[in-house]
Amino acid sequence: MHDIRAIRENPQAFDAALARRGVSALSSELLTLDEARRAKILAAETAQADQNKAAKAIGAAKAKGNEAEFERLRAEVADKKSEVAAMQAEAKELDTRLTEMLAGIPNLPYDDIPDGEDEADNVEIHRWGTPKTFAFKPKEHYELSGVIPGMDFETAAKLSGARFVVLRGAVARIHRALAQFMLNTHVDENGLTEMNTPVLVREEAMYGTGQLPKFGEDSYLMREGLWLIPTSEVTLTNTVAGEILDEAALPRRMTSHTLCFRSEAGSAGKDTAGMLRQHQFEKVEMVSITKPDESDAEQQRMLRCAEGILEKLGIPYRTIVLCTGDMGFGARRTFDIEAWLPGQDTYREISSVSTCGDFQARRMNARFRPEGGGKPEFVHTLNGSGLAVGRCLIAVLENGQNEDGSVTLPEVLVPYLGGKLTLTATGELA
(Lines give C-alpha, C1' and ligand atoms only; values in the text may rest on other atoms or scores of the structure.)
Protein backbone atom coordinates (compact mmCIF):
# COMPACT_ATOMS: atom_id res chain seq x y z
CA MET A 1 0.00 0.00 0.00
CA HIS A 2 1.31 3.43 -0.90
CA ASP A 3 1.19 6.62 1.17
CA ILE A 4 -1.04 9.11 -0.66
CA ARG A 5 0.72 11.95 1.17
CA ALA A 6 4.04 10.95 -0.37
CA ILE A 7 2.40 10.91 -3.81
CA ARG A 8 1.01 14.41 -3.21
CA GLU A 9 4.45 15.67 -2.24
CA ASN A 10 6.29 14.23 -5.24
CA PRO A 11 4.02 12.84 -7.96
CA GLN A 12 6.77 12.95 -10.59
CA ALA A 13 9.03 10.68 -8.53
CA PHE A 14 6.14 8.26 -7.95
CA ASP A 15 5.39 8.02 -11.67
CA ALA A 16 9.08 7.66 -12.51
CA ALA A 17 9.41 4.73 -10.08
CA LEU A 18 6.31 3.07 -11.54
CA ALA A 19 7.73 3.50 -15.04
CA ARG A 20 10.75 1.46 -13.98
CA ARG A 21 8.34 -1.38 -13.25
CA GLY A 22 6.59 -0.97 -16.60
CA VAL A 23 3.50 0.68 -15.08
CA SER A 24 1.96 3.77 -16.66
CA ALA A 25 1.80 7.05 -14.73
CA LEU A 26 -0.97 7.02 -12.13
CA SER A 27 -0.34 10.05 -9.93
CA SER A 28 -2.76 12.33 -11.80
CA GLU A 29 -5.65 9.88 -11.48
CA LEU A 30 -4.82 9.17 -7.85
CA LEU A 31 -4.53 12.82 -6.89
CA THR A 32 -7.77 13.75 -8.69
CA LEU A 33 -9.57 11.06 -6.72
CA ASP A 34 -7.83 12.12 -3.52
CA GLU A 35 -8.79 15.77 -4.06
CA ALA A 36 -12.44 14.84 -4.63
CA ARG A 37 -12.39 12.67 -1.51
CA ARG A 38 -10.89 15.40 0.67
CA ALA A 39 -13.30 18.02 -0.73
CA LYS A 40 -16.27 15.80 0.08
CA ILE A 41 -14.95 15.16 3.59
CA LEU A 42 -14.53 18.92 4.15
CA ALA A 43 -18.03 19.60 2.83
CA ALA A 44 -19.47 16.94 5.14
CA GLU A 45 -17.62 18.40 8.12
CA THR A 46 -18.85 21.91 7.28
CA ALA A 47 -22.45 20.69 6.95
CA GLN A 48 -22.04 18.79 10.23
CA ALA A 49 -20.91 21.99 11.95
CA ASP A 50 -23.93 23.86 10.53
CA GLN A 51 -26.19 21.06 11.76
CA ASN A 52 -24.72 21.25 15.25
CA LYS A 53 -25.09 25.03 15.30
CA ALA A 54 -28.74 24.81 14.26
CA ALA A 55 -29.38 22.07 16.81
CA LYS A 56 -28.15 24.34 19.60
CA ALA A 57 -30.33 27.18 18.36
CA ILE A 58 -33.41 24.95 18.58
CA GLY A 59 -33.17 24.90 22.35
CA ALA A 60 -32.86 28.67 22.52
CA ALA A 61 -35.91 29.21 20.29
CA LYS A 62 -37.92 26.76 22.38
CA ALA A 63 -36.95 28.57 25.58
CA LYS A 64 -38.06 31.92 24.12
CA GLY A 65 -41.36 30.46 23.00
CA ASN A 66 -40.62 31.30 19.38
CA GLU A 67 -42.53 28.44 17.82
CA ALA A 68 -42.02 29.57 14.21
CA GLU A 69 -38.25 29.78 14.65
CA PHE A 70 -38.29 26.47 16.49
CA GLU A 71 -40.03 24.73 13.58
CA ARG A 72 -37.77 26.38 10.99
CA LEU A 73 -34.61 25.29 12.82
CA ARG A 74 -35.93 21.78 13.34
CA ALA A 75 -36.60 21.44 9.62
CA GLU A 76 -33.13 22.84 8.88
CA VAL A 77 -31.51 20.29 11.20
CA ALA A 78 -33.40 17.47 9.51
CA ASP A 79 -32.29 18.68 6.09
CA LYS A 80 -28.69 19.06 7.26
CA LYS A 81 -28.74 15.58 8.76
CA SER A 82 -29.76 14.07 5.40
CA GLU A 83 -27.19 16.23 3.61
CA VAL A 84 -24.40 15.19 5.98
CA ALA A 85 -25.30 11.50 5.64
CA ALA A 86 -25.24 11.75 1.84
CA MET A 87 -21.89 13.55 1.84
CA GLN A 88 -20.36 11.06 4.26
CA ALA A 89 -21.54 8.18 2.07
CA GLU A 90 -20.00 9.83 -0.99
CA ALA A 91 -16.75 10.48 0.89
CA LYS A 92 -16.65 6.84 2.01
CA GLU A 93 -17.21 5.65 -1.56
CA LEU A 94 -14.38 7.86 -2.83
CA ASP A 95 -12.12 6.68 -0.02
CA THR A 96 -12.87 3.04 -0.90
CA ARG A 97 -12.09 3.68 -4.56
CA LEU A 98 -8.80 5.35 -3.66
CA THR A 99 -7.82 2.57 -1.26
CA GLU A 100 -8.65 -0.11 -3.85
CA MET A 101 -6.61 1.69 -6.48
CA LEU A 102 -3.62 2.11 -4.17
CA ALA A 103 -3.87 -1.56 -3.15
CA GLY A 104 -3.49 -2.67 -6.77
CA ILE A 105 -0.27 -0.74 -7.45
CA PRO A 106 3.03 -2.62 -7.03
CA ASN A 107 5.71 -1.51 -4.62
CA LEU A 108 8.33 0.97 -5.81
CA PRO A 109 11.83 -0.38 -6.50
CA TYR A 110 14.83 0.94 -4.62
CA ASP A 111 17.21 3.11 -6.61
CA ASP A 112 19.93 0.42 -6.61
CA ILE A 113 17.75 -2.12 -8.45
CA PRO A 114 18.79 -2.74 -12.07
CA ASP A 115 16.25 -1.76 -14.71
CA GLY A 116 14.95 -4.53 -16.94
CA GLU A 117 11.92 -6.27 -18.40
CA ASP A 118 12.29 -9.88 -17.28
CA GLU A 119 14.65 -12.51 -15.85
CA ALA A 120 17.08 -12.02 -18.72
CA ASP A 121 17.96 -8.64 -17.20
CA ASN A 122 18.70 -9.93 -13.69
CA VAL A 123 22.26 -9.38 -12.46
CA GLU A 124 24.47 -12.02 -10.86
CA ILE A 125 26.28 -10.66 -7.80
CA HIS A 126 27.78 -13.75 -6.14
CA ARG A 127 28.70 -17.34 -6.90
CA TRP A 128 29.74 -20.12 -4.53
CA GLY A 129 31.05 -23.60 -5.22
CA THR A 130 32.16 -25.31 -8.41
CA PRO A 131 29.71 -27.61 -10.18
CA LYS A 132 30.95 -31.18 -10.05
CA THR A 133 32.35 -32.73 -13.19
CA PHE A 134 30.74 -36.12 -13.70
CA ALA A 135 32.33 -39.00 -15.58
CA PHE A 136 28.87 -39.75 -16.95
CA LYS A 137 25.90 -37.74 -18.15
CA PRO A 138 24.06 -36.68 -14.97
CA LYS A 139 20.35 -37.39 -14.75
CA GLU A 140 17.46 -35.37 -13.42
CA HIS A 141 16.27 -36.28 -9.93
CA TYR A 142 13.24 -38.31 -10.97
CA GLU A 143 15.32 -40.43 -13.38
CA LEU A 144 17.72 -41.78 -10.72
CA SER A 145 17.16 -45.48 -10.00
CA GLY A 146 17.58 -44.89 -6.26
CA VAL A 147 14.93 -42.17 -6.31
CA ILE A 148 12.29 -43.79 -8.52
CA PRO A 149 10.89 -46.13 -5.76
CA GLY A 150 10.44 -43.19 -3.40
CA MET A 151 9.03 -40.51 -5.72
CA ASP A 152 5.62 -41.59 -6.98
CA PHE A 153 3.85 -39.24 -9.38
CA GLU A 154 1.33 -41.79 -10.67
CA THR A 155 -0.22 -42.43 -7.26
CA ALA A 156 -0.26 -38.69 -6.56
CA ALA A 157 -2.08 -38.08 -9.85
CA LYS A 158 -4.65 -40.73 -8.88
CA LEU A 159 -5.16 -38.99 -5.55
CA SER A 160 -4.97 -35.34 -6.52
CA GLY A 161 -4.16 -34.78 -10.18
CA ALA A 162 -1.13 -33.26 -11.87
CA ARG A 163 1.67 -31.43 -10.05
CA PHE A 164 1.54 -33.52 -6.89
CA VAL A 165 3.91 -36.20 -5.61
CA VAL A 166 3.87 -38.98 -3.05
CA LEU A 167 7.22 -39.44 -1.32
CA ARG A 168 7.88 -42.71 0.46
CA GLY A 169 10.59 -44.55 2.29
CA ALA A 170 14.14 -43.21 2.13
CA VAL A 171 13.28 -40.25 -0.12
CA ALA A 172 10.56 -39.13 2.27
CA ARG A 173 13.02 -39.36 5.16
CA ILE A 174 15.66 -37.32 3.33
CA HIS A 175 13.03 -34.70 2.57
CA ARG A 176 12.07 -34.54 6.26
CA ALA A 177 15.72 -34.47 7.30
CA LEU A 178 16.37 -31.45 5.12
CA ALA A 179 13.50 -29.51 6.71
CA GLN A 180 14.70 -30.39 10.22
CA PHE A 181 18.27 -29.43 9.33
CA MET A 182 17.13 -26.05 8.00
CA LEU A 183 14.97 -25.29 11.03
CA ASN A 184 17.64 -26.28 13.53
CA THR A 185 20.24 -24.19 11.73
CA HIS A 186 18.02 -21.10 11.66
CA VAL A 187 17.09 -21.48 15.33
CA ASP A 188 20.41 -22.59 16.81
CA GLU A 189 22.84 -20.63 14.64
CA ASN A 190 20.88 -17.79 13.03
CA GLY A 191 18.85 -16.69 16.03
CA LEU A 192 15.36 -17.05 14.54
CA THR A 193 12.34 -17.96 16.64
CA GLU A 194 10.60 -21.12 15.46
CA MET A 195 6.88 -20.75 14.82
CA ASN A 196 4.19 -23.29 13.97
CA THR A 197 1.40 -21.50 12.17
CA PRO A 198 -1.91 -22.40 10.46
CA VAL A 199 -2.03 -23.04 6.73
CA LEU A 200 -5.57 -21.62 6.48
CA VAL A 201 -5.95 -17.87 6.90
CA ARG A 202 -8.58 -15.17 6.70
CA GLU A 203 -8.87 -12.92 3.67
CA GLU A 204 -7.43 -10.03 5.69
CA ALA A 205 -4.14 -11.89 6.14
CA MET A 206 -3.78 -12.50 2.39
CA TYR A 207 -4.56 -8.83 1.78
CA GLY A 208 -1.98 -7.75 4.36
CA THR A 209 0.93 -9.39 2.56
CA GLY A 210 -0.31 -8.47 -0.91
CA GLN A 211 -1.69 -11.74 -2.32
CA LEU A 212 -5.12 -10.10 -2.46
CA PRO A 213 -6.94 -8.55 -4.15
CA LYS A 214 -4.82 -8.79 -7.29
CA PHE A 215 -3.42 -12.33 -7.20
CA GLY A 216 -6.25 -14.44 -5.85
CA GLU A 217 -6.06 -16.82 -8.82
CA ASP A 218 -2.59 -17.91 -7.67
CA SER A 219 -3.96 -19.36 -4.42
CA TYR A 220 -6.73 -21.66 -3.24
CA LEU A 221 -9.95 -20.35 -1.64
CA MET A 222 -11.84 -22.78 0.58
CA ARG A 223 -15.63 -22.98 0.91
CA GLU A 224 -15.52 -21.40 4.37
CA GLY A 225 -13.86 -18.25 3.04
CA LEU A 226 -10.40 -19.20 4.29
CA TRP A 227 -7.36 -19.31 2.02
CA LEU A 228 -4.60 -21.91 1.86
CA ILE A 229 -1.31 -20.08 2.33
CA PRO A 230 1.08 -19.87 -0.64
CA THR A 231 3.91 -19.45 1.90
CA SER A 232 4.15 -18.90 5.65
CA GLU A 233 5.28 -15.36 4.86
CA VAL A 234 1.53 -14.72 5.11
CA THR A 235 1.12 -16.05 8.64
CA LEU A 236 4.45 -14.94 10.08
CA THR A 237 4.20 -11.38 8.79
CA ASN A 238 0.58 -11.02 9.86
CA THR A 239 1.43 -11.88 13.47
CA VAL A 240 2.11 -8.14 13.88
CA ALA A 241 -0.98 -6.94 11.98
CA GLY A 242 -2.78 -4.15 13.81
CA GLU A 243 -0.12 -3.95 16.52
CA ILE A 244 2.08 -1.16 17.84
CA LEU A 245 5.36 -2.80 18.90
CA ASP A 246 7.91 -1.37 21.28
CA GLU A 247 11.10 -0.36 19.48
CA ALA A 248 13.08 -2.52 21.92
CA ALA A 249 11.19 -5.59 20.60
CA LEU A 250 12.68 -5.12 17.12
CA PRO A 251 13.96 -6.81 15.09
CA ARG A 252 11.54 -9.72 15.38
CA ARG A 253 12.97 -12.72 13.51
CA MET A 254 10.86 -15.80 12.83
CA THR A 255 11.04 -19.06 10.94
CA SER A 256 8.47 -21.73 10.16
CA HIS A 257 8.24 -25.01 8.28
CA THR A 258 4.85 -25.39 6.60
CA LEU A 259 2.97 -26.86 3.73
CA CYS A 260 2.45 -24.30 0.98
CA PHE A 261 -0.16 -24.27 -1.77
CA ARG A 262 -0.07 -22.53 -5.13
CA SER A 263 -2.35 -22.94 -8.12
CA GLU A 264 0.57 -22.21 -10.48
CA ALA A 265 -1.78 -20.15 -12.63
CA GLY A 266 -0.10 -19.26 -15.88
CA SER A 267 2.56 -21.99 -15.62
CA ALA A 268 0.97 -24.48 -17.99
CA GLY A 269 3.66 -26.53 -19.71
CA LYS A 270 6.46 -25.30 -17.41
CA ASP A 271 8.49 -27.84 -15.42
CA THR A 272 5.89 -30.57 -15.78
CA ALA A 273 8.39 -33.38 -15.15
CA GLY A 274 9.59 -34.15 -11.65
CA MET A 275 8.78 -32.19 -8.51
CA LEU A 276 10.29 -28.81 -9.36
CA ARG A 277 6.91 -27.04 -9.65
CA GLN A 278 4.13 -28.43 -7.48
CA HIS A 279 0.71 -27.32 -6.25
CA GLN A 280 1.59 -28.52 -2.74
CA PHE A 281 5.10 -28.24 -1.37
CA GLU A 282 7.01 -27.55 1.83
CA LYS A 283 9.14 -24.56 2.66
CA VAL A 284 11.12 -23.24 5.59
CA GLU A 285 10.37 -19.53 5.63
CA MET A 286 12.16 -16.62 7.29
CA VAL A 287 10.41 -13.35 8.19
CA SER A 288 11.87 -10.30 9.90
CA ILE A 289 10.07 -7.24 11.27
CA THR A 290 12.46 -4.31 11.65
CA LYS A 291 12.87 -0.60 12.05
CA PRO A 292 13.19 1.27 8.74
CA ASP A 293 16.86 2.14 9.22
CA GLU A 294 17.78 -1.51 9.83
CA SER A 295 15.96 -3.23 6.98
CA ASP A 296 18.77 -3.08 4.40
CA ALA A 297 21.24 -4.73 6.79
CA GLU A 298 18.58 -7.26 7.78
CA GLN A 299 18.06 -8.28 4.16
CA GLN A 300 21.78 -8.98 3.82
CA ARG A 301 21.71 -11.01 7.05
CA MET A 302 18.74 -13.06 5.82
CA LEU A 303 20.45 -13.63 2.48
CA ARG A 304 23.49 -15.06 4.26
CA CYS A 305 21.23 -17.33 6.36
CA ALA A 306 19.77 -18.83 3.18
CA GLU A 307 23.11 -19.07 1.39
CA GLY A 308 24.63 -20.71 4.45
CA ILE A 309 22.19 -23.62 4.23
CA LEU A 310 23.37 -24.43 0.69
CA GLU A 311 27.00 -24.08 1.69
CA LYS A 312 26.57 -26.54 4.55
CA LEU A 313 24.96 -28.96 2.10
CA GLY A 314 27.76 -28.43 -0.42
CA ILE A 315 25.39 -27.29 -3.17
CA PRO A 316 26.93 -24.82 -5.68
CA TYR A 317 24.78 -21.74 -6.13
CA ARG A 318 24.68 -18.25 -7.51
CA THR A 319 22.95 -15.15 -6.11
CA ILE A 320 21.28 -12.62 -8.37
CA VAL A 321 19.49 -9.33 -7.82
CA LEU A 322 16.19 -9.16 -9.66
CA CYS A 323 15.61 -6.35 -12.13
CA THR A 324 12.60 -4.05 -11.89
CA GLY A 325 10.58 -6.12 -14.35
CA ASP A 326 11.07 -9.44 -12.55
CA MET A 327 10.40 -8.45 -8.93
CA GLY A 328 7.32 -9.57 -7.06
CA PHE A 329 4.38 -7.24 -6.46
CA GLY A 330 5.27 -6.32 -2.86
CA ALA A 331 9.06 -6.15 -3.06
CA ARG A 332 11.37 -3.15 -3.21
CA ARG A 333 14.46 -5.33 -3.63
CA THR A 334 14.78 -9.08 -4.14
CA PHE A 335 17.76 -11.39 -4.18
CA ASP A 336 17.25 -14.84 -5.69
CA ILE A 337 19.50 -17.75 -4.85
CA GLU A 338 19.74 -20.37 -7.60
CA ALA A 339 21.07 -23.85 -6.88
CA TRP A 340 23.05 -25.79 -9.45
CA LEU A 341 21.09 -28.74 -10.88
CA PRO A 342 23.41 -30.94 -12.93
CA GLY A 343 20.50 -32.92 -14.39
CA GLN A 344 19.28 -29.74 -16.08
CA ASP A 345 22.80 -28.33 -16.48
CA THR A 346 21.66 -24.99 -15.10
CA TYR A 347 20.94 -22.98 -11.96
CA ARG A 348 17.35 -22.93 -10.66
CA GLU A 349 15.75 -20.71 -8.03
CA ILE A 350 15.69 -22.17 -4.54
CA SER A 351 15.19 -19.01 -2.47
CA SER A 352 14.00 -15.42 -2.79
CA VAL A 353 14.89 -12.88 -0.10
CA SER A 354 12.86 -9.68 -0.34
CA THR A 355 12.50 -6.43 1.54
CA CYS A 356 9.10 -4.77 1.26
CA GLY A 357 9.82 -1.53 3.11
CA ASP A 358 6.60 -0.33 4.77
CA PHE A 359 4.42 -1.58 1.88
CA GLN A 360 2.95 -4.55 3.76
CA ALA A 361 2.99 -2.74 7.09
CA ARG A 362 0.65 -0.07 5.74
CA ARG A 363 -1.73 -2.72 4.44
CA MET A 364 -1.85 -4.47 7.83
CA ASN A 365 -1.33 -1.35 10.00
CA ALA A 366 1.77 -2.69 11.78
CA ARG A 367 3.75 -0.01 13.60
CA PHE A 368 6.32 0.51 16.34
CA ARG A 369 6.63 3.15 19.06
CA PRO A 370 10.04 4.92 19.08
CA GLU A 371 11.86 4.65 22.40
CA GLY A 372 12.36 8.42 22.61
CA GLY A 373 8.64 9.01 22.22
CA GLY A 374 6.80 10.47 19.30
CA LYS A 375 4.27 9.22 16.80
CA PRO A 376 4.25 5.47 16.01
CA GLU A 377 5.95 4.60 12.72
CA PHE A 378 5.34 1.79 10.27
CA VAL A 379 7.71 -1.17 10.57
CA HIS A 380 9.56 -2.67 7.63
CA THR A 381 8.89 -6.30 6.69
CA LEU A 382 11.20 -8.80 5.02
CA ASN A 383 10.75 -12.40 3.93
CA GLY A 384 12.90 -15.13 2.45
CA SER A 385 12.94 -18.85 1.74
CA GLY A 386 15.33 -20.69 3.94
CA LEU A 387 14.85 -22.90 1.84
CA ALA A 388 12.23 -24.49 -0.41
CA VAL A 389 12.47 -28.07 0.89
CA GLY A 390 11.44 -29.91 -2.27
CA ARG A 391 13.80 -27.98 -4.48
CA CYS A 392 16.58 -28.52 -1.96
CA LEU A 393 15.85 -32.25 -2.11
CA ILE A 394 16.22 -32.08 -5.90
CA ALA A 395 19.55 -30.28 -5.57
CA VAL A 396 20.89 -32.78 -3.03
CA LEU A 397 19.85 -35.78 -5.13
CA GLU A 398 21.20 -34.46 -8.42
CA ASN A 399 24.51 -33.13 -7.06
CA GLY A 400 25.17 -36.30 -5.06
CA GLN A 401 24.25 -38.77 -7.77
CA ASN A 402 26.51 -41.63 -8.77
CA GLU A 403 26.68 -43.50 -12.07
CA ASP A 404 24.84 -46.54 -10.69
CA GLY A 405 21.82 -44.38 -9.70
CA SER A 406 22.72 -44.20 -6.01
CA VAL A 407 23.17 -40.86 -4.20
CA THR A 408 25.85 -39.77 -1.75
CA LEU A 409 24.19 -37.46 0.79
CA PRO A 410 25.69 -34.42 2.60
CA GLU A 411 27.45 -35.14 5.90
CA VAL A 412 25.46 -32.47 7.75
CA LEU A 413 22.44 -34.78 7.49
CA VAL A 414 24.11 -37.51 9.61
CA PRO A 415 22.16 -36.63 12.81
CA TYR A 416 18.87 -36.76 10.90
CA LEU A 417 19.42 -39.99 8.97
CA GLY A 418 20.77 -42.26 11.68
CA GLY A 419 24.28 -41.97 10.33
CA LYS A 420 23.30 -43.30 6.90
CA LEU A 421 24.54 -41.12 4.04
CA THR A 422 23.89 -43.21 0.93
CA LEU A 423 20.66 -43.62 -0.95
CA THR A 424 21.29 -46.94 -2.67
CA ALA A 425 20.50 -47.67 -6.30
CA THR A 426 17.53 -49.71 -5.04
CA GLY A 427 16.13 -46.84 -2.98
CA GLU A 428 17.26 -47.66 0.55
CA LEU A 429 19.35 -45.76 3.09
CA ALA A 430 22.72 -47.31 3.88
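The values are calculated or read from the model by the stated rules, or taken from the named source; none is laboratory data. Just so it is clear, the structure is predicted and the values come from calculations on it, not from any experiment. Note that we place each Cβ from the backbone using ideal geometry, even for glycine, and neighbour counts take in every protein chain shown. Accessible surface is based on the protein model in full, side chains and every heavy atom, while ligands, DNA and RNA are left aside. Shrake-Rupley method; radii C 1.70, N 1.55, O 1.52, S 1.80 Å.
Summary table below
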item: Charge dipole (debye, nearest 20) of region 257-374; +1 at Cβ of Lys and Arg, -1 at Cβ of Asp and Glu; result: 320 debye
item: For a label point 7 Å along the Cα-to-beta-carbon line of residue 3, residues of region 81-111 with backbone N under 18 Å; result: 99, 102-103, 105-111
item: ³J(HN,Hα) computed for each position of region 364-371 - Karplus, 6.51 cos²θ - 1.76 cosθ + 1.60, integer Hz, glycine/proline x; result: 9, 6, 9, 9, 9, 9, x, 4
item: Two-decimal log10 I(q)/I(0) for region 277-372, as the Debye equation yields it once each C-alpha is a single scatterer, q = 0.18, 0.19, 0.24 Å⁻¹; result: -0.96, -1.04, -1.38
item: Binned Cα-Cα distances of region 291-430, short to long, each 10 Å bin given as a whole percent; result: 11, 32, 26, 17, 11, 3, 1
item: Test item: Cα-centred dipole of the chain, Lys/Arg +1 and Asp/Glu -1 on Cβ, debye; result: 980 debye
item: Region 254-293 - convex hull of the alpha-carbon atoms, volume per residue in Å³; result: 110 Å³
item: Overall Cα dimensions of region 363-430 - principal axes, largest extent first, Å; result: 66, 23, 15
item: Nearest-20 debye value, region 139-188 charge dipole, Cβ charges on Lys, Arg, Asp, Glu; result: 120 debye
item: Accessible-area composition of the chain, carbon plus sulfur, in percent [1.4 Å probe]; result: 49 percent
item: 0 to 90° range, to nearest 10: angle between helix 389-399 axis and the chain longest Cα axis; result: 30 degrees
item: Cα centroid separation - region 246-317 against region 401-416, whole Å; result: 24 Å
item: Orientation-averaged projected area, Cα convex hull of region 108-173 (nm²); result: 9.0 nm²
item: Charge sum, other residues only, whose C-beta stays under 14 Å from residue 430's C-beta, Lys/Arg counted +1 and Asp/Glu -1; result: 0
item: Along principal axes, Cα extents of region 134-242, largest first, whole Å; result: 56, 39, 24
item: Computed over region 214-325, Cα set: Rg, Dmax in Å; result: 16.8, 49
item: Ordering of 228-237, 139-148 by burial proxy (mean other Cβ atoms within 10 Å per residue, highest first); result: 228-237, 139-148
item: With Cα atoms, 0 to 90° folded angle of helix 169-188 axis to the chain main axis; result: 50 degrees
item: Packing-based order for 46-53, 153-160, 174-181, using average beta carbon neighbours within 10 Å, highest first; result: 174-181, 46-53, 153-160
item: Order of exposure, largest accessible area first, which applies to 2, 186 with probe 1.4 Å; result: 2, 186
item: Solvent exposure of the chain as accessible area per residue, Å², 1.4 Å probe; result: 47 Å²
item: Intensity falloff of the chain expressed as log10 I(q)/I(0), Debye formula with alpha-carbon point scatterers, at q = 0.11 Å⁻¹; result: -0.90
item: Dipole-positive endmost among 89, 211, 232 within the chain (Cβ charges, Cα centre); result: 89
item: Out-of-range pairs (alpha-carbon distance over 27 Å; input 158/283; 137/158; 53/375; 312/420; 158/312); result: 137/158; 53/375; 158/312
item: Selected from 412, 248, 24, residue furthest toward positive end of dipole (the chain; charges at beta carbon); result: 248
item: Ordering of 114-126, 208-220, 384-396 by packing [mean C-beta count within 10 Å, highest first]; result: 384-396, 208-220, 114-126
item: Principal-axis tilt of helix 11-20 within the chain, Cα atoms, nearest 10 degrees; result: 20 degrees
